[in-house]
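**Q** Can you read through this structure? Questions will come right after.
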Amino acid sequence: MAIVVRLDVMLALRKKRAKDLAAEIGLTEANLSLLRTGKVKGVRFETLDAICKALSCQPGALLEFVDVED
């Protein structure tokens, strides 16, 4: 996939556990785990907004486009 999720990096920089973030934004730990590993097909802007607010970051800090040549 060309979109890489950098949520783990932001969690480490903010010294916050995924479990705590999930509780703070009202997302299940399982769904947050799927997002962290990039195993989701999409993410709601509402969820992205909540994550950005909780981690005090921009969406670009969480998602990165990597050009993959076939």
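**Q** Quick one: if you take sqrt(5λ) for each eigenvalue of the C-alpha gyration tensor of the chain, what semi-axes come out, biggest first, whole angstrom?
**A** In descending order the semi-axes read 20, 13, 11 Å.
**Q** For segment 3-64, what relative contact order do you get, as a whole percent, if you take Cα pairs closer than 8 Å and at least 6 residues apart?
**A** Relative contact order comes out at 52 percent.
**Q** Projected onto the charge dipole of the chain (+1 at Lys/Arg Cβ, -1 at Asp/Glu Cβ, origin at the Cα centre), which of T37, A18, F65 gives the Cα projection farthest towards the positive end?
**A** A18
Throughout, read-outs are computed from the coordinates displayed, never taken from laboratory work. Model, not experiment: these values are computed from the prediction. Reconstructed Cβ throughout: ideal geometry from the backbone, glycine too, with neighbour counts over all protein chains shown.
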